[in-house]
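A quick write-up on the structure given underneath.
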Amino acid sequence: MGFKRYGSIAALGTALALLAGCGGTEDSAAGPLDKKQVQSVLPDGEAVPGWKVGLRDAAEPLPKISRAGVCGVAEEKKTACDGLRFYTQGSYTPPGAPYSVTVTVLAAEDADGAQPAYDFLWKRVSESVAKPQKLDAGDLGDERGAVRSDYGSRGGPVAHVQVRVGATVLQISGEAAADKKVDLDTLVDLAAVVSERAGQAAGGDTPSAALGD
């Protein structure tokens, strides 16, 4: 299908403590994104040729109550997501694939604001996965975590990749119905493209990264 490989895939064990990778060099150019830049991180049809591009939500500011909702705590309490400022989400289907992919972009003012949100959201993803298995997503962004399972909410396999690129947190999730499969290579390739687009936006460039580049 002409996808560029950014990382190899491996399902290696089930220890949740090993699922969240971290490290990499903090990208000083990866600053806060404005509303238009957040929207531009979501791949369009040119970035995912041949894919079905579904609903792409308009990027919106996250008021206090929405940030509390994202982090699942009461509005009046300080939340790990207090540093988040903008949010958008899009849905995608690879050519002929029996599964869909959701891409979520959450932008903070700075890396310090994104870090606690990244940690909280990854903890929530990890806790939601039944019988998790490690997924190798390569060396994406400043931090990354990846996990897969054969037991998603739709009765089939599910895979999640989460990446922090400077002040931006990205989630790429694929899920299939029972007796279907999620192409893990394709999911990781898309995560790499979205991560690169986030870095391009943070550097002041119009995101141009695409599958097959």
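The values are calculated or read from the model by the stated rules, or taken from the named source; none is laboratory data. What you are looking at is a predicted structure, and each value in this text was computed from that prediction instead of being measured. A quick note on method: Cβ atoms are made from the backbone with ideal geometry, for glycine too, and the neighbour counts reach across all protein chains shown. To get the accessible areas, we keep the full protein, side chains included, count just its heavy atoms, and leave off ligands, DNA and RNA. Shrake-Rupley method; radii C 1.70, N 1.55, O 1.52, S 1.80 Å.
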Between SER128 and SER208, how many nm apart are label points set 7 Å from Cα along the C-beta direction? 3.5
Give me the accessible area of ILE65, 1.4 Å probe, in Å² rounded to the nearest 10. 100
For the range 122-128, just list the computed ³J(HN,Hα) in residue order, Karplus coefficients 6.51, -1.76 and 1.60, θ = phi - 60°, integers in Hz, with x standing in for Gly and Pro. 5, 4, 5, 4, 4, 6, 8
Residues whose modelled amide H sits under 5 Å from the amide H of GLY152, counting only those 5 or more places away in sequence or on another chain, are VAL158
Give me the dipole magnitude in Debye, nearest 20, for the range 77-213 about the Cα centre, with unit charges on the beta carbon: positive for Lys and Arg, negative for Asp and Glu. 600
With all protein chains present, calculate the accessible area of ARG148 using a 1.4 Å probe and round the result to the nearest 10 Å². 50
Quick one: which residues, 5 or more positions from LEU33 or on another chain, have an amide H under 5 Å from its amide H? H modelled 1.01 Å from N in the peptide plane, none for Pro or chain starts. ALA108
Partner lysines whose C-alpha sits under 18 Å from that of LYS35, ignoring same-chain residues fewer than 8 away, are LYS64
Pop out the carbon and sulfur fraction of the accessible area of the range 109-213 as a percent, whole number, probe 1.4 Å. 45
Nearby lysines by direct alpha-carbon distance to LYS134 (threshold 23 angstrom, same-chain neighbours under 8 apart not counted): LYS4, LYS123, LYS180, LYS181
The ³J(HN,Hα) series, computed from each phi in the range 157-173 with the Karplus coefficients 6.51, -1.76 and 1.60 at θ = phi - 60°, rounded to the nearest Hz and given as x for glycine or proline, is x, 9, 9, 10, 10, 10, 9, 10, 10, x, 8, 10, 10, 10, 10, 10, 10
Only residues of the range 35-57 count here: report those whose backbone N is under 16 Å from the spot 7 Å along Cα→Cβ of THR102, or say none. 54-57
Give the residues of the range 75-105 whose amide nitrogen is closer than 20 Å to a point set 7 Å from the Cα of LYS36 in the direction of its Cβ. 85-89, 105
Please give the solvent-accessible surface of LYS180 in Å², to the nearest 10, using a probe radius of 1.4 Å with every protein chain present. 100
